[in-house]
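Taking it in order: structure first as structure tokens, then the write-up.
The values are calculated or read from the model by the stated rules, or taken from the named source; none is laboratory data. From a predicted model like this one, the values you see are computed outputs, not experimental measurements. Cβ atoms come from the backbone with ideal geometry, glycine included; neighbour counts cover every protein chain shown.
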Amino acid sequence: MIVTIIRKELSMLFISPFAWILLALIQLVLTWVFLVRLDAFLEIQSQLMQIANPPGITEVIISPVFAMAAIILLMVTPLLSMRLLAEERRNHTLTLLISAPVSMTDIVIGKFLGLMVFFLAVITLIVALSISLRLGGALDFGLLLSNTLGLLLVTACFSALGLYISSLTAQPVIAAIGTLGVLLGLWMINLAASETDGWLQYFSLLKHFEQFNQGLIDTLSIAYFILFIVTFLVLTIRRLDGERLHG
Amino acid sequence: MADETAALTLSAQNLCRKYGHHTAVQNVNVELRRGEVLGLLGPNGAGKTTTMRMLTGNLAPSTGSIEICGIDMLDKPREAKLHLGFLPEIPPLYHDMTVDEYLLLAARLHRINKQTLQTVLDNAKLRCGLEVQGRYVIGTLSKGFQQRVGIAQAIIHSPDVIILDEPTVGLDPNQMREIRSLIRELGASSSVILSTHILSEVESVCDRVQIMHKGSVVFDQTMTELQHQGTSLEAVFTQLTQ
């Protein structure tokens, strides 16, 4: 049943030019960053050679591309997550799913995974971009792996939050602005956290992502991400169930 | 005509629904046998839509029980919903999809297996007069055809109970006639509940009629009983709901 929902979400997404344009734009921006970093690397390469333990191409080029990707996906997620439930509610199509022999959990998980498949495509493209560097040198696959894992987890967090906020309203635009607001808020905590270095930084999604970005797969961060995802998915299911009970 | 011995497909006892302090539906009993078409009548705000949403599991009743083909809707919602087809007041259509894509989605959601998907799809389109429209995008269809797609979605898995909320609203007289004959046809093999404001529609299509007013059922009789008494449905309706 979940597979049916995922298929439906993906076909709804790729039926319109919106997803394609978004994919192209994300790729364009990231390739630009990639080329700029590559250019910079080639310029300083001779100086790097003189250092005892010089940073490799993965550190100089790929890590900044993934850091940029995290910020771009933070901006893009609200545009994609807004329609998941808010639009269904506005168009009265949620009734089709609820009247069908499908549980609320299936609906919510299906929608979440549908969005994640889209992001998986984005991340695969970034990985492909990184692997193209093998033409000119050796890659640090460990660093690439930790970056990929981190980006996947952090976008899953964005999506879960976006899905929940989408379940709160019947207006997709409000869902988008709400999600963007909360995500930016979580980013701002990141800025504040890096100054104070206090307990606040544990709440910042991008702060946790930074660990992965530097090549550190931290179990605390993984636990935080998974807790974050599960919390918002459960809240979404509860919200939809609550509507059936009280709405 | 449903005979008394036919199997009970839907049974709802003492349904109540409160929105805060406002009671939308109270102590409604609905029983339906196979091969029966029930007309649900009532003025605006009488609780028809709320009742239908409860019967289809879109809304949980505050108290009361619902059984579809002997399966409890509150205990086993997924099994119960397998036997249900529902067309809400506003058809739940994805305007970007084509008719085929949409109906296949509806069929998959109702666990129709892969081998029979195509037959089921063709059959539903044939019954609703959508043979030519398969590749059309739903958003470009006229209101009448969209309504047909909505009905096709509700009957594609040949459910035992079909619930239609104002299925003929916004249709031209010809389309109305076609939909009515379709409902009669559906009523031969399944049970149908249909809500409407058009009294003549009930007279021509239904075997039994229930009139709701202010959240309760105030009238429940078969059409034959009504004919024997020689009273017109319109007289009963005005008398009970004014």
**Request:** Look through segment B:31-60, keep the residues that are on the phi > 0 side of the Ramachandran plot and out of contact with any strand residue (DSSP E or B) (no Cβ under 6 Å at 6 or more places or on another chain), and return whichever of them is modelled with the lowest pLDDT.
**Result:** B:45
**Asked** Can you pull out the strands (runs of 3 or more DSSP E) entirely within segment B:146-242 that have at least 3 residues that are under 14 Å from the mean Cα position of the chain (by Cα) and within 20 Å of residue B:110 (Cβ to Cβ)?
**Response** B:161-165, B:191-195
**Prompt:** Out of all the residues in segment B:205-213, is one or more closer than 29 Å to residue B:97 by Cβ and surrounded by fewer than 20 Cβ atoms within 10 Å (Cβ to Cβ)?
**Reply:** no
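If you go through segment A:139-174, how many residues are closer than 23 Å to residue A:64 by Cβ and of a type in the set (Phe, Trp, Tyr)? Break it down stepwise before answering.
Going residue by residue through segment A:139-174, those that are closer than 23 Å to residue A:64 by Cβ are A:139-158.
Narrowing further to those that are of a type in the set (Phe, Trp, Tyr): A:141, A:158.
Number satisfying all stated conditions: 2.
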**Prompt:** From A:198, A:181, A:185, which residue is surrounded by fewer than 18 Cβ atoms within 10 Å (Cβ to Cβ), at pLDDT 90 or above and out of contact with any helix residue (DSSP H, G or I) (no Cβ under 8 Å at 6 or more places or on another chain)?
**Reply:** A:181
**Message:** For segment A:203-247, give me the residue count where each residue is modelled with pLDDT under 90 and within 14 Å of chain B (Cβ to nearest Cβ).
**Reply:** 5
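With the requirement that a residue be β-branched (Val, Ile, Thr) and more than 16 Å from residue B:44 (Cβ to Cβ), what does segment B:199-222 give you?
Of the residues in segment B:199-222, the ones β-branched (Val, Ile, Thr) are B:202, B:205, B:209, B:211, B:217-218, B:222.
Hits for segment B:199-222 are B:202, B:205, B:209, B:217, B:222.
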**Message:** Against the conditions (1) free of Cβ contacts under 8 Å to residues at least 60 places away in the same chain; (2) more than 14 Å from chain B (Cβ to nearest Cβ); (3) among the small types (Gly, Ala, Ser); (4) closer than 23 Å to residue A:169 by Cβ, where does residue A:81 fall short? Just the number, please.
**Reply:** (1)
**Given (1) within 23 Å of residue B:9 (Cβ to Cβ); (2) at pLDDT below 90; (3) of a type in the set (Asp, Glu), number of the condition residue B:172 does not satisfy** = (1)
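Taking the conditions exactly as written (in contact with a Ser or Thr (Cβ under 6 Å, 6 or more places away or on another chain), surrounded by 17 or more Cβ atoms within 10 Å (Cβ to Cβ) and touching a residue at least 12 places away in the same chain (Cβ under 8 Å)), does residue B:193 satisfy them or not?
Numbers: in contact with a Ser or Thr (Cβ under 6 Å, 6 or more places away or on another chain): no; surrounded by 17 or more Cβ atoms within 10 Å (Cβ to Cβ): yes; touching a residue at least 12 places away in the same chain (Cβ under 8 Å): yes.
Considered against the rule, which asks whether it is in contact with a Ser or Thr (Cβ under 6 Å, 6 or more places away or on another chain), surrounded by 17 or more Cβ atoms within 10 Å (Cβ to Cβ) and touching a residue at least 12 places away in the same chain (Cβ under 8 Å), residue B:193 comes out as no.
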**Fill in**
Selection from segment B:120-143 of residues over 28 Å from residue B:34 (Cα atoms), free of Cβ contacts under 8 Å to residues at least 40 places away in the same chain and part of a helix (DSSP H, G or I) yields B:133, B:134, B:135, B:140, B:143
**Asked** Can you name the residue in segment B:84-110 that is touching a strand residue (DSSP E or B) at 6+ places or on another chain (Cβ under 6 Å) and surrounded by fewer than 22 Cβ atoms within 10 Å (Cβ to Cβ) and, of all such residues, is modelled with the lowest pLDDT?
**Response** B:89
**Asked** Can you tell me how many residues in segment A:86-118 are within 14 Å of chain B (Cβ to nearest Cβ), out of contact with any strand residue (DSSP E or B) (no Cβ under 8 Å at 6 or more places or on another chain) and either touching a residue at least 60 places away in the same chain (Cβ under 8 Å) or not β-branched (Val, Ile, Thr) (or both)?
**Response** 21
